[in-house]
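Q: Please find one structure pasted underneath; my questions will follow.
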Amino acid sequence: MTLNSSNKFFEENEGRFVKVYSNIPINLRREIILVIDDNPITWNVAYVEIKNKTELGENIKKINRIRIYIVMVDEEIKELVITRLKTMPANIKMSVGSYGTFSKNELIESVKKENEVGKLVIEMQLKYLKSFKKGII
Amino acid sequence: MNYVLITRPKFDDTTAYLFSWSSKIIDFLQKTHFNLIDLKESKANRKSVESVLLKKSPELVIFNGHGISSTIRGHNNEILIDAKNSHLLKLKIIYSVSCNSAKTLGVKIAGDYTTFIGYKNEFLFLIDTTKSCTPEKDEIAKPFMESSNQLSISLLKGKTVRESYEDTKRKYTDWIIHYAANESLPEASSIISCLIWDRENLVLLGSEDKSL
């Protein structure tokens, strides 16, 4: 994974991150918000790593995306959405209007292919993640 | 006579759920003074809808089914409403539980004396595959059903369109908060993300002061 070291959002805005983090319901702090080298990172993990100034924390700080998700490149967004979809229980399907109903694996395939359903799921997931910042939960 | 028209096709998973959800509205409606016209399954066709709109002029029309930005669909995706017959909905309150229909068609229909409430994007909901034969018992789908049905229930209680719309948004938020606060449910994140999507895509167009 490429890290954008010129965009040091957290170094410059650590207080802002803490403010956003503080406003997230405790249960939702276990939400996956990043994937770094195949490792899913939750709000809690990001907070702890940054606060403890670990190597991972330093890497997270170099990524601008928690700003939130505005500047992620397409492949990174897809990777994040797929990782989040994997947490969906196997007995649940999503009704996507006239496109039909889709299982977890079918949704993941749609995201990988970036078909109409996949694009919709990506848009929906990003809206959800941005809602943390906007405080509309 | 005050009529309420409900269309509820039933030919796939999505319409089967909407069909079931509408039963709750019908149960409530039957306790009111309104007369129900229930165009279900194969009766949810264009000819029947046009006939009811012309002859009975219902005050409230609730469409369930698929849709795109320019049409509302019925049984087997037959087009019920499009630009050619949308004038039949003038002066009415329309609630369209149908994907995308508020994007273009709703804007065309809504006006000073006509209200259109619907979704400007896909309407998403989750189902429990172990309960899909009995949608009314599906707890995963329940937040979507209750939120969606709130609009009709509030209208039937005599609230204005604006009040009913706000009630519905509030119902979505109540369910979002419920799942955000519940640590033990693995489906919470998936449900919340869909509820937020639907809440944000539900729009109220046209007259906001109307009531039944």
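Q: Before rounding to the nearest 500, sum -39500 (n - 2.57) across all DSSP H runs of length at least 4 in chain B and divide by the residue total; then give [θ] at 222 nm in deg cm²/dmol.
A: Values: 6 runs with 82 residues, N = 212.
Roughly -12500 deg cm²/dmol at 222 nm, from the helical runs in chain B.
Q: Would you tell me the mean number of C-beta atoms belonging to other protein chains that fall within 10 Å of each C-beta in A:82-92, as a whole number? Mind showing how you got there, number by number?
A: Values: counts 0, 0, 3, 1, 0, 4, 7, 8, 2, 9, 11.
Average per residue, whole number: 4.
Q: Picking from B:L36, B:L18, B:L60, which is most flexible by a Gaussian network model of chain B using Cα springs under 10 Å?
A: Residue with maximal mean-square fluctuation among B:L36, B:L18, B:L60: B:L36.
Q: For the interface of chains A and B, what total accessible area is buried with a 1.4 Å probe, rounded to the nearest 100 Å²? Numbers along the way, then the final one.
A: Working: alone 7950 and 9670 Å², together 15060 Å².
Roughly 2600 Å².
Q: Against the empirical 2.2 N^0.38 Å scaling, what ratio does the C-alpha Rg of the protein assembly as shown come to? Present the calculation step by step, with values, prior to reporting the outcome.
A: On the way: Rg = 21.9 Å, N = 349, 2.2 N^0.38 = 20.4 Å.
Normalised Cα radius of gyration, the protein assembly as shown: 1.08.
Q: Starting from the coordinates of the alpha-carbon atoms of the stretch B:96-143, obtain the Kirkwood hydrodynamic radius over all distinct pairs and give the value in Å to one decimal. Working shown, then result.
A: On the way: mean 1/r = 0.0802 Å⁻¹.
Mean inverse Cα-Cα distance, inverted, gives 12.5 Å.
Q: How much area per residue is accessible in the protein assembly as shown when the probe is 1.4 Å and only protein heavy atoms are counted (Å²)?
A: On the way: 15060 Å² over 349 residues.
Using a 1.4 Å probe on heavy atoms only, each residue of the protein assembly as shown averages 43 Å².
Q: Right, next: Tally Lys/Arg at +1 and Asp/Glu at -1 over every other residue whose Cβ is under 10 Å from the Cβ of A:N91; what's the total?
A: On the way: positive: A:K93, A:K104, B:K131; negative: B:D128, B:E187.
Surrounding charge for A:N91 is +1.
Q: Any idea what the alpha-carbon Rg over 2.2 N^0.38 Å comes to for the stretch B:54-212?
A: Numbers: Rg = 16.0 Å, N = 159, 2.2 N^0.38 = 15.1 Å.
Expressed relative to 2.2 N^0.38 Å, the Cα Rg reads 1.06.
Q: Okay, moving on. Past 27 Å, Cα to Cα: identify those pairs from A:K61/A:K104; A:K130/B:K90; B:K171/B:K210, in the order given.
A: Working: A:K61/A:K104 31 Å; A:K130/B:K90 38 Å; B:K171/B:K210 21 Å.
Violating the 27 Å limit, Cα to Cα: A:K61/A:K104; A:K130/B:K90.
Q: On to the next question. Kirkwood hydrodynamic radius, the stretch A:71-127, all distinct C-alpha pairs: what's the number in Å? Walk me through the numbers before you get to the answer.
A: Working: mean 1/r = 0.0885 Å⁻¹.
Over the stretch A:71-127, the inverse of the mean reciprocal pair distance is 11.3 Å.
Q: Please report, to two decimal places, log10 I(q)/I(0) for the stretch B:1-94 at q = 0.10, 0.15, 0.17, 0.23 Å⁻¹ as given by the Debye formula with identical point scatterers on the Cα atoms and no solvent.
A: Those come out to -0.23, -0.52, -0.68, -1.22, one per q.
Q: Please check the stretch B:105-122 for residues whose accessible area, probe 1.4 Å, is lower by 50 Å² or more when all protein chains are in place than in their chain alone.
A: Hits at the 50 Å² cut-off: B:E122.
Q: Top mean-square fluctuation among B:Y179, B:Y165, B:Y95, Gaussian network model of chain B, C-alpha springs under 10 Å?
A: Looking only at B:Y179, B:Y165, B:Y95, the largest GNM fluctuation is found for B:Y179.
Q: Probe radius 1.4 Å, ligands and nucleic acids ignored: give me the carbon and sulfur share of the accessible area of the stretch B:86-209 as a rounded percent. Walk me through the numbers before you get to the answer.
A: On the way: 2210 of 4550 Å².
For the stretch B:86-209, the apolar C and S fraction of the accessible surface comes to 49 percent.
The values are calculated or read from the model by the stated rules, or taken from the named source; none is laboratory data. As the structure is a prediction and not an experimental result, all values here were calculated from the model. Heads up, the Cβs are rebuilt from the backbone with ideal geometry, glycines too, and the neighbour counts pull from every protein chain shown. Areas reflect the complete protein model, heavy atoms only, side chains present, ligands, DNA and RNA absent. Shrake-Rupley method; radii C 1.70, N 1.55, O 1.52, S 1.80 Å.
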